[in-house]
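Here is the structure we will look at, set down as structure tokens.
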Amino acid sequence: METRKRDGKKGQAYNPYLPLWEHVPDGEPHVFGDRVYIYGSHDRSHGTTFCMEDYVCWSAPVEDLSDWRREGVIFRKIDDPNNRGPVGYLYAPDVAQGPDGRYYLYYFYTGDETRAYKIGVAVCDTPAGEYQYYGTIEPDNGNSFLNFDPAVFVDDDGRVWLYYGSAFQMGGKVFTVLGGAVVELDRDMKTVLTKPKLTIPNILHQKGSSFSGHAFFEASSMRKVNGKYYLIYSSMLSHELCYGVADRPDGPFTFGGTIVSNGDVGLAGRGKKEAVAPTGNNHGSIVEIDGQWYVFYHRHTQGSSYARQGCAEPISFDEKGEIAQAEITSCGLNGGPLRAQGTYPAAICCNLFETKNLKKSSAPVCVDEDREDQESVSFISNMKNGSVAGYKYFAFEGKCRLTLRVRVSLKNCSDFETLSPYKCKAEGKILVSTEPDGKPVAAMAFQSAAGDWEEISCKLHLSGRQALFFRYQGTGAVDVREIAFDR
């Protein structure tokens, strides 16, 4: 189990908040007792589609969000008796504690054609034990809604509500469905009591509603805050998590705003072409942990949509109950900037893009390399001329030495074992600044034709909370594995 503690002391929390080898997107955070639990899909590193692995759960004590513990596998594809074969995928789940004190896991499984659009539910006596199949839920949707991305909410009065829906069928074609849906469940947590009711309209039915421009796509999640009901969802823009607000758990809902975009699109007027990180589908929710509210979401790695990692950022509610859009950072759960001391994985960058003025994203990527002759390593790959990796934020205390562990990028080399200096070489420098396109405060020369990791360094003199941006300027391409600070 990976930990970020040092010598028994509280460690630092950074994004992604789980170990870099783990890929748990669609995160639903819940506090049960004195721990926060993360339930989500489970992607495979270098996977070929979404959600290829069985469900796992991670948890951390509410007073130390750096101390994540892998609770293990909590539900498998084969645990559903309707699964008649080894294929199939478990999509985004949710968990709630029922009126009987037990914990109920709601999931959408695709595999057997007879189960293509049904919601399953499993039950367990503890939040992170092995869940046992409990039943199937089949609301009377007609042609209005799709059973997808289930979310469950138990209100203060004990009434149980199930949210679900998708604007697309599995092949990507727009349905004539309405959008998101909600039904009330009985206290047994599986019997449907009501007809499905529209929560948020999709793109075909958004006209005239407050959700125009941010229509429903998928990823329903319900939270109650100060007596108001907040329905978090992924909009048709895909990269953003938005929310609607209502006085009742079944609506009607009014558009509230965008909580987070995994490319910071919309923040300070930024457009899609100015995304600061690779964008793609988004899914998550909000939770209060030890007095602070956070939004949990996911980022995309490996130049793919199929290897997503969970991230989180602090949020706040104003006097009107509105949530300002959060900025994506490298220090989301840390309670402040990371110390400009010690060594960090380069893959905790929150910004990663290419070319000037943020015009285009995602040529460089965060990847995992798992080889027989070395341990799994996560790093930034393929930084070419103009590529930028950014980190927000570090706390500096004056003079220090910055060291990067780098190598010539192997992305375009066909055979690692027989590297040729004529095929894999790079020459240039890495410019260091505190703004994406700011004046460099330092530079590190790089010239290599080898495939081994090496260190390059420079001196910095910075104080207080600062962002760091590394821009490669030169020929070939560079990989970056670690960044280190030394006084």
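Worth a mention:
- Projected label points at Leu193 and Gln97, each 7 Å from Cα along the beta carbon direction, are separated by 2.1 nanometres.
- Probing with 1.4 Å while keeping every protein chain in the model, the per residue accessible area of segment 211-362 equals 35 Å².
- Rounded FRET efficiency, nearest 0.05, which uses the C-beta distance separating Val225 from Lys273 and R0 of 30 Å: 0.35
- Ratio Rg/Rh [Cα only; Rh per Kirkwood] for the chain: 0.98
- Take every pair of alpha-carbon atoms less than 8 Å apart whose residues are at least six positions apart; their mean separation over the length of the chain yields a relative contact order of 12 percent.
- Of the trypsin sites (Lys or Arg not before Pro) found in segment 268-354, those in coil by DSSP whose Cβ has at most 13 other Cβ atoms within 10 Å are Lys320.
- Neighbour net charge for Ile38 - beta-carbon separation under 12 angstrom, K R +1, D E -1: -2
- Charge context of Cys51, other residues only, Cβ under 9 angstrom, K/R +1, D/E -1: -2
- Think of each Lys and Arg Cβ as +1 and each Asp and Glu Cβ as -1; about the Cα centre, that makes the dipole of the chain roughly 1700 debye.
- Segment 236-323: GluC sites (Glu not before Pro) falling in loop per DSSP and having at most 13 other Cβ within 10 Å: Glu319, Glu322
- Kirkwood-based shape ratio for segment 157-258, expressed as Rg/Rh from alpha carbons: 0.97
- Within the shell of other residues whose beta carbon sits under 11 angstrom from the beta carbon of Ser144, the net charge comes to +1, with Lys and Arg scored +1 and Asp and Glu -1.
- What a 1.4 Å probe finds exposed on segment 152-284 is 53% carbon and sulfur by accessible area, rounded to a whole percent.
The values are calculated or read from the model by the stated rules, or taken from the named source; none is laboratory data. Remember, it's a predicted structure, so these values are computed and weren't measured experimentally. All Cβ positions, even for glycine, are placed from backbone atoms using ideal geometry, and neighbour counts span all protein chains on display. In case anyone asks, the SASA skips ligands and DNA or RNA and just uses the protein heavy atoms, side chains included. Shrake-Rupley method; radii C 1.70, N 1.55, O 1.52, S 1.80 Å.
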